[in-house]
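The values are calculated or read from the model by the stated rules, or taken from the named source; none is laboratory data. Bear in mind the structure is a predicted one, so any value in this text is a computation, not a measurement. Virtual Cβ from ideal backbone geometry, glycine too; neighbours counted across all protein chains shown. Calculation scope for accessible area: heavy atoms of the full protein, side chains included, ligands and nucleic acids excluded. Shrake-Rupley method; radii C 1.70, N 1.55, O 1.52, S 1.80 Å.
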Amino acid sequence: MKPHLLIFILLIAATTASAQQPPDLLFDDLLQQYDLSEDSETFTELQEQLQQLYEHPININDSSQLHQLFFLDNLLIHRLLVYQQEYGPLASLQELHFINGFDSTLIALLQPFVVAGPPSRSQPLKLHDILHYGTHDILTGGGRTLETSRAYRNSLYEGDPFRITFRYNFRYRSRVQLQLSGEKDPGEAFFHGSNPQGFDRYNGYLLLNDCGILRRFIAGSYRIRIGQGLTLWTGAKPYTSYTSWPCRSGQVINPGSVYSEYNNLYGAAATFALTPHIDLTAFVSSSRLDSLASPTGYHRTASELRKEQRLHEFLYGANLQYNTSALHLGATIQSSRYTPPVERASLPYNQYDFQGSRNFNAGADATLLIRQLLLFGEFSLSGNRSPAAIAGFQVPLAQDSKFSLYYHNYSKSYQNPHSAALGYNTRNSNEKGISANFLMALPWNFKWYLSADLLQFPAPRYRAYAPSRAAVFKTQLSNKFSQHSTLQFSYRYKDYGRNATSNSDGSYLLEQVSRHYLQTLFEYRTETFRSLSRMAYCTFNVPSEVPQRGLVFSQSLQYTFSRLTLTSSLTLFSIKGYDARIYVPESDLPYEYSSAMLYHDGFRVYAVLRYSVSDRLSLGMKYSHTRYFDQTTCGSGNDLIDAPHRQMLKFQVRWKFQSKKR
């Protein structure tokens with residue numbers, strides 16, 4: 001322990017000590033920073049990562065684990081490592097206050113997910129220790145919509161309306177993981193019909209870490225994340241929020257999502273430490289897919305079952321990296337083969353999409369730290385020789401203040417089903433633009449965030465069948481004006497081109513539409529109680545049309561009594577027009593993500609109950625009820641309910657145990 005820090009750390013620890021927040025609160029805090037209209041897969045994956053980090057905190061003195069903390073960029077990791085080289089391992093997390101860039105907000109975010117323990121020393125794995133001292137975690141749950149929809153009344157779905165989930169996880173320290181999971185969606189057959197094996201797809205993997213030259217190995221379902229996500233990034237897109245920054249870093253090999261039926265690779269991947277600074281990763285995958293374009297994972301009706309796993313993808317490749325504390329260089333190649341060949345539909349907006357039986361992508365990425373300036377970028381080519389690139393920088397301006405700027409240019413014919421770099425479109429193609437992010441710490445505990453994106457789309461895109469442009473503007477002002485209270489204001493503006501009319505020659509005229517979204521949050525939190533009040537207003541404007549408007553008031557409360565946690569919420573909404581719909585994040589059970597998409601006039605209530613029977617056994621239940629004042633039905637198509645309300649009930653049981661204790 002550094003003698004000159006001892007008194008300060010003890011004082012900080014005394015003034016900040018509190019009960020550790022449950023993971024659903026931490027996840028809810030982060031969700032407030034995101035645009036929830038994005039793909040729900042993004043937030044499901046984010047929730048899984050936070051849940052894993054919460055249950056298995058990272059040792060901040062172990063440099064090999066730091067990249068699992070995806071909210072730390074390369075600059076912060078570099079500063080942490082430099083500090084540890086000069087002063088030795090951290091004796092307490094409060095010592096982070098002495099490292100430039102680790103402000104009180106970031107330290108509070110890190111605290112539930114890290115510990116300051118002695119640096120780990122890699123030792124040979126022993127089968128006896130793995131079998132006797134590993135931890136087992138069994139989680140199962142289910143639920144259903146209580147009303148009967150059109151599909152079940154008319155027997156249009158093969159299965160019943162229940163959703164069933166199962167997950168088994170075995171873990172030995174941070175060295176070995178084994179997992180098996182499955183999910184039955186509502187309407188799918190279960191142990192009969194098209195699924196005599198039970199779940200329509202099982203996910204599972206075996207993960208090994210730090211086995212000598214073998215740095216990381218996984219067999220089963222997994223995800224690859226490389227560079228800025230342009231050449232190869234499977235799974236959800238890189239996370240962008242009011243508080244995150246554009247440069248990406250992290251583990252190359254990651255376990256597959258627990259319940260996802262797409263976005264996972266299936267096969268094996270390994271990272272080898274060739275030298276202290278050079279890593280080689282090789283991967284191979286053989287996957288059965290429904291399609292490359294917008295898969296849903298549902299297999300309920302005859303038409304959905306005909307598409308189930310009809311496409312075979314065989315993918316392989318490698319990544320070579322050179323890493324120091326200030327420099328990263330990487331090169332990646334990946335090749336894929338499809339059987340039968342992919343055929344694209346003839347639509348105005350997909351004329352440059354991939355079709356055929358083979359695709360190839362190659363790229364290079366780099367990050368460079370020059371004093372306080374972090375430079376990053378990636379360049380990639382697809383098999384048709386079409387390029388895509390992203391480059392930028394981020395720099396701290398002062399304590400708790402920073403600025404970033406990046407430019408991206410993805411050609412209209414760049415083809416890569418497995419890219420997920422920052423961008424506006426679903427796929428990284430047909431887009432170029434510049435983006436700026438600015439965060440400033442103001443007097444009296446205020447923090448101000450501002451971002452702007454200016455974008456161009458050279459070729460037709462979905463619902464815009466001519467070259468178009470877009471602008472996105474976000475700002476947020478927050479203030480923690482007491483130990484327990486926080487007030488936050490946010491505003492989002494989006495302007496983009498959309499089809500207006502078509503001409504006799506087949507061309508289209510576009511119109512610029514805009515969406516304004518304002519939100520106010522007020523939170524009061526203690527160790528055992530939390531109150532979150534939300535007001536949101538949205539307006540969607542189309543030239544020569546009446547604006548669509550939406551208004552939401554929401555109040556949620558959470559109480560913690562020893563082993564029991566109860567969360568309840570009431571939301572009132574009045575939304576005139578689908579384009580003015582508003583998404584509101586909700587608390588849920590472990591490894592479950594949900595947000596309410598609100599439209600029409602009505603109210604929504606929900607309650608979540610979690611009870612820890614013991615350290616080994618825990619139970620959970622969630623009930624929600626949505627009622628509409630201006631509708632006689634809810635839902636549409638096969639999911640149409642002949643009533644102005646929808647109720648859902650879900651439950652979960654979790655059992656954790658260890659064979660032996662040391």
| query | Quick one: if you stick a label point 7 Å off each Cα along the C-beta vector at S612 and S485, how many nm between them? | reply | 3.1
| request: About the Cα centre of the chain, how large is the charge dipole given +1 on each Lys and Arg Cβ and -1 on each Asp and Glu Cβ? Please answer in debye to the nearest 20. | output: 660
| Radius of gyration and maximum dimension Dmax of the stretch 44-131, Cα, Å | 14.1, 44
| What full-extension length gain, to one decimal in nm, is calculated for F651 and F98 as 0.36 nm per residue of separation minus the Cα-Cα distance? | 194.6 nm
| request: Hey, can you find the accessible area per residue of the stretch 296-385 for me, probe 1.4 Å, expressed in square angstrom? | output: 54
| task | Run the 1.4 Å probe and let me know the accessible area of H645, rounded to the nearest 10 Å². | result | 40
| task | Consider just the alpha-carbon atoms of the stretch 533-601 and return their Rg together with their Dmax, both in angstrom. | result | 15.5, 58
| task | Whole Å is fine, so just give me how far the alpha carbon centre of the stretch 388-457 lies from that of the stretch 116-180. | result | 35
| remark: Bridge orientation stat for the chain from DSSP, antiparallel percent rounded to 5, came to 100
| Stokes-Einstein diffusion coefficient of the stretch 409-448, Kirkwood radius over Cα pairs, 37 °C, 0.692 mPa s, in µm²/s | 260
| remark: Relative contact order as a percentage, the stretch 507-578, C-alpha pairs under 8 Å and 6+ apart, gives 26
| remark: Calculated from DSSP helices alone, with each H run of at least 4 adding -39500 (n - 2.57) and the total divided by the residues of the chain, [θ]222 nm to the nearest 500 comes to -3500 deg cm²/dmol
| What is the log10 of I(q)/I(0) for the stretch 91-244, computed with the Debye formula using one identical point scatterer on each Cα and no solvent, at q = 0.12, 0.18, 0.19 Å⁻¹? | -0.88, -1.23, -1.25
| query | How many percent of Cα pairs in the stretch 379-522 exceed 21 Å? | reply | 57
| nm² value of the averaged projected area, convex hull over the Cα atoms of the stretch 469-577 | 9.8
| Given Cα pairs under 8 Å that are at least 6 residues apart, what percent is the relative contact order of the stretch 286-406? | 16
| said: Could you tell me which residue out of Q372, G433, S451 lies farthest along the dipole of the stretch 351-464 toward its positive end? Charges go on the beta carbon: Lys and Arg +1, Asp and Glu -1, centred on the Cα centre. | reply: G433
| query | Relative contact order of the chain: what whole-number percent is it, with Cα pairs under 8 angstrom and at least 6 residues apart? | reply | 10
| request: With a Förster radius of 41 Å, plug the Cβ-Cβ distance of L509 and S120 into 1/(1 + (r/R0)^6) and report the FRET value to the nearest 0.05. | output: 0.05
| Over the stretch 530-662, equivalent-ellipsoid semi-axes from the Cα gyration tensor in Å | 36, 17, 13
| Residue (of V608, G620, S562) at the positive-pole extreme of the stretch 560-645, dipole from beta-carbon charges | S562
| Which entries in the list K447/K494; K126/K656; K447/K622; K402/K474; K184/K622; K432/K494 go over 25 Å, if you measure between the two C-alpha atoms of each? | K447/K622
| Y352 accessible area, assembled protein chains, probe 1.4 Å, Å² | 90
| query | What nm distance separates the two modelled labels at V284 and A471, each placed 7 Å from Cα along Cα→Cβ? | reply | 5.3
| query | So how long is each side of the stretch 307-455 along the principal axes, counting just the alpha-carbon atoms, biggest first, in Å? | reply | 61, 37, 28
| query | Dividing the convex hull volume of the alpha carbon atoms of the chain by its residue count, what do you get in Å³ per residue? | reply | 166
| remark: If every Lys and Arg gets +1 and every Asp and Glu gets -1 at its Cβ, then about the Cα centre the stretch 303-374 yields a dipole, in debye to the nearest 20, of 60
| query | What dipole magnitude, in Debye to the nearest 20, does the stretch 378-443 give about its Cα centre under +1 on Lys/Arg Cβ and -1 on Asp/Glu Cβ? | reply | 240
| field | For the chain, with +1 on Lys and Arg beta carbons and -1 on Asp and Glu, the positive-most of Y172, I253, F481 along the dipole | value | Y172
